[in-house]
Each structure stands twice: as structure tokens, then as C-alpha cells.
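Okay, structure first, notes after.
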Amino acid sequence: MLGFLFGSKDKKLVRAASEGDLAKVKSLLAKGASANASEDGETALVAAVANSHDAIAAALLAGGADPNLGPEAGLTPLTAAIFGGSEKLVTTLLGAGANAKLADEEGHTPLHLAAYKGTPAMIKLLLSKGADVQSKTADGHSPLWESCYWGSFENAAVLLDARANVNSASAEGVTPLMNLVTQFRLWTMGALAPDGAVGLAGLGNLLQGLANAAEGPVKLPDGLLPLIDRMVAAGADVNARDANGTTILAAAKGAEAPQELLQRLESLGAR
């Protein structure tokens, strides 16, 4: 009976954290609820962070919540903060001992997530806490690879500043530079989220983007060519081949890249 009551108290804490009820969270903690309480695998701290309840997250951490505890397959408090776009919560969690190197079962670290979903400031914070700029997932994706795939140019620049390996290829032999010259159509659609999800508001844009893409080359996004120049200057192999033997120039042509991009690659030595 006591175990049932204790469990019920913990579930109430998770719900209060999710709903933003700071007074109730403090009351439940004072009455003995575990700061690491969870419901259906979601901890109270993850619930608070995912809903951008800064004060509740701070209260839970002060009450002993583990900043690295999350579902076996899902968000940790730190990755939830990155997904939510909160630099303040990222700072708070790292200050409370969140592990900047903690990887999931597929090898994704907080830095991989921040590389495409976060901000330059988040990346700098993670690096200052020991995040490995060269870390790779089971598929061979580095943080720089991710930022280039999703068109996060500013994040890529920060990773380059941290001396990320510009030639770190995926298991399929795809390099960050190859991502830059083949994925631009997705970036210009304006509907795809970095996780591949399409919201209702973006569905019309996605359909229009697909229609436009079928008509031929699209306009290159601002910042792409300067980033390509910088990566080549940093040592990116402009003639790298993927596992199928496809060169970067051939991949760009296959993606129907605008002549401006093809000419830039050729001027940099691509063949």
C-alpha cells in the first residue's frame, strides 16, 4: 500500500513538472517524492525541460534530480533542452553535471543533436564541457556531417573552428562536403524539420517545394558557397568518392545542382 502511494506521488510530480506547476512540484518534493520520479519512462526533469519550465528544472536539480537520467531509448534532460532550443537550460544542466559526451545506443551525442538542431552557442557550451567534435555514430555521422546534411551553416562554422575533421565520412562513404552539394533541395523547401517531420503548416510548402524541385535546379541558399570554400581551404577532399565510387562533382550533377555550384566545385579542382 505504501509503495502504491509513493508511486502515485512520483507520478503526480512528473505531471506537475510537465504542466509547469512549480508550487506543486515543491510541495511534492517536500513530501518525499523522488526528484528522479518517472512516468511511462519520462522523468520529471525531462518533462520540465521539454516544456521549457526553467524554474521547475532548477527545483528538481536542487532536489537531487540526476541530469543524465532519461528513458532507455529517448531524450535525456540535456538533449531535451537542445531540442527545445533553450540555451539557458543547456547551461543549467551542464552546470549541474550533465554529461556532454553521453551517447545513445546508436552513438548520437548531444553535440550531434546540437549540430543540426541547436545553436552555435549550444555547440560552444558542449565543447567547453568536453564534447568530442570528432565523435561518430554507428552510421559514421560526425557532428559536422550532421550540420552539413541539414544545412546548418553557422553550426558547421563553429565545428570547423573546433577543428572538426572535414573528411570524416559516413559508413556509405559520404563526406560533409558531399552533403553540402546534394542536400540543398531539402533546405529550400521550407517545410522539413531536421528530424524529417512535416508539420501541417509546412505541408503546403513541402508539396510546392517538391513541385519546384521537379522542374530543375533551385536557387542556392545564402552562405553555401562560402562554406564550401572554407571547407576546401581546411582540407576537404573535393574529389572524394562515396562507397559507390561517385565523386562529389558527379553527385552534385546528379542532384541537378545549379551551374553556379558546379562551376565553383570545378574551380576548386573537382573532376
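Bear in mind these aren't lab numbers, they're just calculated from the coordinates by the rules spelled out. Since the model is a prediction, treat every value here as computed from it, not as a measurement. Positions of Cβ are backbone-derived with ideal geometry, glycine not excepted, and every protein chain shown enters the neighbour counts.
Worth pointing out:
- Percentage relative contact order, the stretch 65-167, counting C-alpha pairs under 8 Å, at least six apart: 22 percent
- Between residue 105 and residue 51, the modelled label-to-label distance comes to 2.8 nm, taking each label 7 Å out from Cα in the direction of the beta carbon.
- For the residue pairs 11/136; 101/219; 11/117; 117/219; 24/88, alpha carbon separations beyond 27 Å are given by 11/136; 101/219; 11/117.
- The charge dipole of the chain, taken about its Cα centre with unit charges on the Cβ atoms of Lys, Arg (+1), Asp and Glu (-1) only, comes to about 540 debye.
- Between residue 230 and residue 260, the modelled label-to-label distance comes to 1.8 nm, taking each label 7 Å out from Cα in the direction of the beta carbon.
- Listed peptides 172-183, 140-151, 241-252 by packing density, highest first (mean Cβ within 10 Å): 140-151, 172-183, 241-252
- From the coordinates shown, volume of the Cα convex hull per residue in Å³ corresponds to which of (1) 202; (2) 127; (3) 141: (2)
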